[in-house]
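Only one structure is covered here, and it is reproduced in the block below.
The values are calculated or read from the model by the stated rules, or taken from the named source; none is laboratory data. This one's a predicted model, so the numbers in the text were calculated from it and none came from an experiment. Here the Cβ positions follow ideal geometry from the backbone for every residue, glycine too, while neighbour counts run over all protein chains shown.
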């Protein structure tokens, strides 16, 4: 089984040449974020990821989390690794300095997040959920809640969770039944059950801060009647001293296809008289507040897709270089060679490599836009950046995770029969990736959000701005000579035309025939991802050529960038036309059968 090495050189290239690291460093509050600081942080994060987290990935998968007498125990080495993680300050990287955070930009934390998820996805889920809970409390918590919880969560002393799903209420949160009964002293008693709660219980920290959706007695029906409550595992004094155990208990953990070392808990609230909770923000606005966590988590899950793709690619590449099998095609009587010499292995590796690099580029660009949306001094720039981020988060989440399943599967294929054997570890990446298209809203939920809230609601305005930005790149490509740039230009132009046609169709159809528009929602998300990824790959090729012309950088690395962009254009962007056709013409066949005809 291969080790993990953080792809720092590619991360640096994307951050500097595509995501605008220099521009981010000029934003208010980011003035000290120099290239030297970024490089130092990436280097240290890479060492921690490869040296501490990656070795636990395999053993954690084999051992898993365990539940005994109501308590959850993490796999061997987990507690020690988490302690190192927190003491090194990684939990505080992007958090507000007011609560002990380092206040570093989203662009940098995005790259570091990729390392945690690639080296050990199961481990990374704990700080991911904590960060979402921190964000919700920063924006909507009371002063008392912030004082008690935030510094301890930012430091890693305590962790956090988000509690949405119930046995009868999966994605349909209108069906939430957990109750919150006011006690007259500002507190509430919480009664109900939540399922699929990642790190809902564990032994890595002394306390866990649960954010829980529940209904007040006089709440209206549906999603408008949901409130958000903070429910700690242990009650605590104002100075953080822990007291009595709260009435929230893990009654079981799930036995899953993958991410075995991440405890997925069933939590019971109030079986012994009621769990004490405190209202976050205003009553009946809980779903709105939870979406603060949800958007953060959706982007982070998209990063899981990218990270697992990188890990699967690294392992497949190492195996392809080592595995001796057959002679090289066209070399009569030649010696046995490693399988990387075989054309189809090359094709599969290039498919993995090019899509992973496209996902990284798009995700980092969205991360940088988040910094601009929060920090840019010009209000109009902030608004445009936020609109772009809102549009692209479902694409990053849905496209990257769907790709990760295919890419991890390709990694298994490159291993051949050994890929199906758990001993090699290739299967773990495939198993771990499978949850990512379901986490924090399935691909269809992301796609419906994309075409409804992000496209139809504004008449496609932001999406058309993206198309206009792609046309600028198309113009740059036309000025370049050589077949590689001509091929990239042809495919990107065709993909952009398909995307524009699909945007127009959804905008025109959504209001009058929502079912027909929705049949094409997931294909549209995939089309948008492919074309947006192609846009970034084209920009990468142009940047690489500029550096080559200037005699700067590693010429072999930069030439590889251009070749990889060419492969993406020929093999991935070329799918755009078919997806565009299915979006515009695919509804009739999908909706024609009656239920009895299936």
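Just a few scattered comments:
- Yes/no for residue 300 being buried (at least 23 other Cβ atoms within 10 Å of the Cβ) and either under 27 Å from residue 390 (Cα atoms) or touching a helix residue (DSSP H, G or I) at 6+ places or on another chain (Cβ under 6 Å) (or both): yes
- Whichever residue in the range 1-34 is assigned to a helix (DSSP H, G or I) and without any contact (Cβ under 8 Å) to a residue 60 or more places away in the chain and, among such residues, is nearest to residue 56 (Cα to Cα): 8
- Flag for residue 67 being part of a helix (DSSP H, G or I) and modelled with pLDDT of 95 or more: no
- Filter pass, residue 287 being more than 17 Å from residue 437 (Cβ to Cβ), in a strand (DSSP E or B) and under 24 Å from the mean Cα position of the chain (by Cα): no
- Within the range 431-449, the set of residues being in a helix (DSSP H, G or I) and closer than 16 Å to residue 120 by Cβ comprises 431, 432, 433.
- Any hit, the range 244-260, residues being in a strand (DSSP E or B), surrounded by fewer than 20 Cβ atoms within 10 Å (Cβ to Cβ), without any contact (Cβ under 8 Å) to a residue 40 or more places away in the chain and in contact with a strand residue (DSSP E or B) (Cβ under 9 Å, 6 or more places away or on another chain): yes
- Only listed residue being surrounded by fewer than 23 Cβ atoms within 10 Å (Cβ to Cβ), out of contact with any strand residue (DSSP E or B) (no Cβ under 9 Å at 6 or more places or on another chain) and at pLDDT below 95, chosen from 511, 578, 586, 553: 553
- Filtering the range 141-155 to residues that are surrounded by fewer than 23 Cβ atoms within 10 Å (Cβ to Cβ) and within 25 Å of residue 84 (Cβ to Cβ) leaves 151, 152, 155.
- Residue within the range 120-138 that is touching a strand residue (DSSP E or B) at 6+ places or on another chain (Cβ under 7 Å), surrounded by fewer than 17 Cβ atoms within 10 Å (Cβ to Cβ) and on the phi < 0 side of the Ramachandran plot present: no
For (1) crowded, with 16+ Cβ neighbours inside 10 Å; (2) more than 19 Å from the chain's Cα centre (by Cα); (3) at pLDDT 95 or above, each residue gets a yes or a no:
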| residue | (1), (2), (3) |
| --- | --- |
| 6 | yes, no, yes |
| 25 | yes, yes, yes |
| 36 | no, yes, yes |
| 40 | no, yes, yes |
| 46 | yes, no, yes |
| 61 | yes, yes, yes |
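- Count - residues of the range 206-218 that are surrounded by fewer than 22 Cβ atoms within 10 Å (Cβ to Cβ) and under 27 Å from the mean Cα position of the chain (by Cα): 1
- Flag if residue 233 is farther than 26 Å from residue 448 by Cα and either surrounded by fewer than 20 Cβ atoms within 10 Å (Cβ to Cβ) or in contact with a helix residue (DSSP H, G or I) (Cβ under 8 Å, 6 or more places away or on another chain) (or both): no
- Residue, modelled with the highest pLDDT, within the range 219-230, restricted to residues that are in a helix (DSSP H, G or I) and surrounded by fewer than 16 Cβ atoms within 10 Å (Cβ to Cβ): 224
- Selection status of residue 146, in a helix (DSSP H, G or I) and touching a residue at least 60 places away in the same chain (Cβ under 8 Å): no
- Restricting 75, 111 to those that are outside any helix (DSSP H, G or I), touching a helix residue (DSSP H, G or I) at 6+ places or on another chain (Cβ under 6 Å) and either without any contact (Cβ under 8 Å) to a residue 12 or more places away in the chain or crowded, with 21+ Cβ neighbours inside 10 Å (or both) reduces the list to 75.
- The criterion of at least 3 residues that are under 27 Å from the mean Cα position of the chain (by Cα) and in contact (Cβ under 8 Å) with a residue 24 or more places away in the chain is met by the following helices (runs of 4 or more DSSP H) wholly inside the range 479-598: 483-509, 514-519, 521-549, 555-571, 576-585.
- Annotation: residue 457 fulfils all but one of (1) buried (at least 20 other Cβ atoms within 10 Å of the Cβ); (2) outside any loop (DSSP other than H, G, I, E, B); (3) out of contact with any helix residue (DSSP H, G or I) (no Cβ under 6 Å at 6 or more places or on another chain); the unmet one is (1).
- Take the conditions (1) within 28 Å of residue 437 (Cα to Cα); (2) touching a residue at least 12 places away in the same chain (Cβ under 8 Å); (3) part of a loop (DSSP other than H, G, I, E, B); residue 240 misses just one of them, which is (1).
- Test result for residue 338, at pLDDT 95 or above, in contact with a strand residue (DSSP E or B) (Cβ under 8 Å, 6 or more places away or on another chain) and over 22 Å from residue 30 (Cβ atoms): yes
- Some residue of the range 364-384 being over 21 Å from residue 104 (Cα atoms), in contact (Cβ under 8 Å) with a residue 60 or more places away in the chain, assigned to a helix (DSSP H, G or I) and in contact with a helix residue (DSSP H, G or I) (Cβ under 8 Å, 6 or more places away or on another chain): yes
- For the range 181-201, the set of residues classified as under 23 Å from the mean Cα position of the chain (by Cα) and not in a strand (DSSP E or B) consists of 199, 200, 201, listed by residue number.
- Only one of 136, 174 that is more than 26 Å from residue 78 (Cα to Cα), in contact with a helix residue (DSSP H, G or I) (Cβ under 7 Å, 6 or more places away or on another chain) and without any contact (Cβ under 8 Å) to a residue 60 or more places away in the chain: 174
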